[in-house]
Structures are given as structure tokens and as C-alpha cells.
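Structure record follows, encoded as C-alpha cells.
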Amino acid sequence: MTNSEQMEFTNHHNPFLQHCGITAQELDERHALLTAPFAPQCANTVGTVHGGMLYTMADGVVSMLARADGHAYVTLDSSFQYLCNTTEPGTLEARAELIRRGHKVSVIRVEITHRESGRLLATGTFTCCRITPSAEGTR
């Protein structure tokens with residue numbers, strides 16, 4: 001699947017991301033970007049972005065980047081830090097960067113920002129495990 005097809009797949013075949021208003025914007029072998037509007041249904045009881053929304057964006061962008069090699073992955077582990085929050089309307093961005101891609105395990109770093117203010121809201125590191133066999137069928 002090409003990067004363009006992978007983004008199309010993410011945008012049209014992931015009902016949870018669709019429900020949250022999250023869309024794929026960019027993808028290459030080392031980077032990915034998802035965005036979402038900060039809509040009222042994404043807020044918590046104090047009016048800031050719900051932590052679950054931030055984590056969902058992180059997990060979604062990591063998943064898309066992991067799959068950029070053509071294999072299916074599951075998340076093994078994550079370390080996620082909520083740094084600050086916002087009540088300002090605008091666009092949330094989840095950017096992922098590939099740190100290491102091994103035969104079975106990939107490590108990906110993610111940052112969630114509020115585009116208009118440039119504020120870094122959360123950051124994390126995810127470890128993903130490939131669940132489809134390699135082309136050689138030996139790994």
C-alpha cells in the first residue's frame with residue numbers, strides 16, 4: 001500500500017478516528033501527521049482538551065506510521081506525558097517520528113501540539129510489534 005493509500009485507509013476505515021474528527025494529513029517512511037479540530041465534544045468537564053482525545057491522536061498517528069512499511073502492528077507499550085492543555089479553539093496536531101524500525105519491533109516518538117498557539121500539549125514514546133510475517137516468511 002502506498003503512503004497515499006495508507007492515509008486514505010486511515011481516513012475512511014477507522015470509525016473511531018472518524019468519530020473523533022481525526023484525519024491523516026501526511027505520511028512518509030519516517031514521519032506522520034494527523035489533525036483534528038478542538039471541538040466542544042473533545043473537551044473535558046473543565047473545558048480543556050480531553051486526555052483521551054490526546055492519547056487517541058497519539059495512538060492513531062503512531063499506528064499509521066508503523067504500518068508505513070506495509071505490515072500490521074499492535075502497540076506493545078507506551079509512555080505518554082501530558083504537559084499542558086488549552087481551552088482555545090483551533091487545530092490539534094499529532095506528529096510522529098520513527099526512532100527505530102527493527103524486524104519485529106518499532107519505536108516511535110509522538111508530539112501533540114495546538115497549531116495556532118504552538119503549545120506542546122503532550123509527548124510520548126510508543127513501542128509497536130509487527131503482527132504480519134515478513135516478505136521472507138522467516139521473521
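The values are calculated or read from the model by the stated rules, or taken from the named source; none is laboratory data. Note that the structure is a prediction, hence the values are computed from the model and not measured. Note that we place each Cβ from the backbone using ideal geometry, even for glycine, and neighbour counts take in every protein chain shown. Keep in mind that these areas ignore ligands, DNA and RNA; they rest on the heavy atoms of the full protein, side chains included. Shrake-Rupley method; radii C 1.70, N 1.55, O 1.52, S 1.80 Å.
Table for the structure above
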| quantity | calculated |
| --- | --- |
| When residues of the range 10-57 are limited to those that are hydrophobic (A, V, I, L, M, F, W, C) and part of a loop (DSSP other than H, G, I, E, B), the one farthest from N85 (Cα to Cα) | I22 |
| Filter result for the condition that a residue is among the charged types (D, E, K, R), out of contact with any Leu (no Cβ under 7 Å at 6 or more places or on another chain) and either part of a loop (DSSP other than H, G, I, E, B) or surrounded by 18 or more Cβ atoms within 10 Å (Cβ to Cβ) (or both), over E97, E88 | E88 |
| Those residues of the range 7-19 which are surrounded by 14 or more Cβ atoms within 10 Å (Cβ to Cβ), of a type outside the set (A, V, I, L, M) and within 13 Å of the chain's Cα centre (by Cα), in sequence order | T10, N11, N14 |
| Matching residues, the range 58-74, being of a type in the set (G, A, S) and assigned to a helix (DSSP H, G or I) | A58, G60, S63, A66, A68 |
| Some residue of the range 63-83 being β-branched (V, I, T), out of contact with any Cys (no Cβ under 6 Å at 6 or more places or on another chain) and either open to solvent by 10 Å² or more (accessible area, probe 1.4 Å) or over 17 Å from T10 (Cβ atoms) (or both) | no |
| Residue selected from the range 100-133 under the condition more than 13 Å from M57 (Cα to Cα) and in contact with a His (Cβ under 8 Å, 6 or more places away or on another chain), by the criterion surrounded by the most Cβ atoms within 10 Å (Cβ to Cβ) | R130 |
| Test set (1) over 20 Å from N3 (Cβ atoms); (2) in contact (Cβ under 8 Å) with a residue 24 or more places away in the chain; (3) open to solvent by less than 40 Å² (accessible area, probe 1.4 Å) - M57 fails condition number | (1) |
| Qualifying residues in the range 30-41 (those that are in contact (Cβ under 8 Å) with a residue 24 or more places away in the chain and more than 14 Å from the chain's Cα centre (by Cα)) - the one most open to solvent (accessible area, probe 1.4 Å) | P37 |
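Table: residues versus (1) among the small types (G, A, S); (2) modelled with pLDDT under 95; (3) at negative phi.
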{"residue": "T35", "(1), (2), (3)": "no, no, yes"}
{"residue": "L54", "(1), (2), (3)": "no, no, yes"}
{"residue": "A58", "(1), (2), (3)": "yes, no, yes"}
{"residue": "L65", "(1), (2), (3)": "no, no, yes"}
{"residue": "H71", "(1), (2), (3)": "no, yes, yes"}
